Amino acid sequence: MGIKLKNKNELKNIPTKIFCCIFLTLFLCSFQPSPSLKGTWEFVGGIYNGKREGAPKEYSLHRKYNLTGYEAFVIEKGYKAQKYEAGTFVFKGDTCVDTETFSAQPSKITNIPIHYIYTLKNDTLTLKGTLPTGMRVEEYWKKIR
């Protein structure tokens, strides 16, 4: 048993062929699709400066994400949904850079990019970071559609 070569030049080309195969494999693996947040997400709780807080019981907070931005709404039974925030986001590695561009209430973070470490696991989005005020936050959002 053995490899039958047509000529000696084929033996010389084997390292080049192996290199090309490895390079092509690594090149193709580097193109991972960007994560998608597209859809509607509901706030399910968070941790703020080490203190755990659940989602409000009287109303729900929803974020509707598209490819580059979001709008956030307060949903209260019997009332029209009210937009309370909007912004843009971009992924950079394991970081989601979020910039609030609209707030219905006075805000100290409007137009200030905030870097969150994000994880997407099943239908849960976790955003973990430090606000410009120094507050450490970890928020949990569940995809509802």
Problem - region 76-110, subset within 15 Å of the chain's Cα centre (by Cα) and of a type in the set (Asp, Glu), residue least open to solvent (accessible area, probe 1.4 Å) - result: Asp98
Problem - Flag for Phe73 being open to solvent by less than 80 Å² (accessible area, probe 1.4 Å), among the aromatic types (Phe, Trp, Tyr) and closer than 17 Å to Gly129 by Cβ - result: no
Handout entry: region 48-70 - residue that is hydroxyl-bearing (Ser, Thr, Tyr) and part of a loop (DSSP other than H, G, I, E, B) and, of those, surrounded by the fewest Cβ atoms within 10 Å (Cβ to Cβ)
Key = Thr68
Practice task
Quick one: in region 20-47, of everything that is at pLDDT 95 or above and open to solvent by 40 Å² or more (accessible area, probe 1.4 Å), which residue is farthest from the chain's Cα centre (by Cα)?
Solution key: Val44
Fill in the blank from the handout: Here, strands (runs of 3 or more DSSP E) confined to region 97-145 with at least 3 residues that are farther than 20 Å from Ala55 by Cα and touching a residue at least 40 places away in the same chain (Cβ under 8 Å) are none
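Listed here are the residues, each with its yes/no results for (1) exposed (fewer than 15 other Cβ atoms within 10 Å of the Cβ); (2) among the hydrophobic types (A, V, I, L, M, F, W, C); (3) at pLDDT below 95; (4) farther than 19 Å from Gly46 by Cα.
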{"site": "His115", "(1), (2), (3), (4)": "yes, no, no, no"}
{"site": "Asp123", "(1), (2), (3), (4)": "yes, no, yes, no"}
{"site": "Pro132", "(1), (2), (3), (4)": "yes, no, yes, no"}
{"site": "Glu139", "(1), (2), (3), (4)": "no, no, no, no"}
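The values are calculated or read from the model by the stated rules, or taken from the named source; none is laboratory data. Here the structure is a predicted model, which means the values were calculated and not measured. Methodologically, a virtual Cβ is constructed for each residue, glycine included, from the backbone with ideal geometry; neighbour enumeration extends over all protein chains shown. The accessibility values were calculated without ligands, DNA or RNA, using every heavy atom of the protein model including side chains. Shrake-Rupley method; radii C 1.70, N 1.55, O 1.52, S 1.80 Å.
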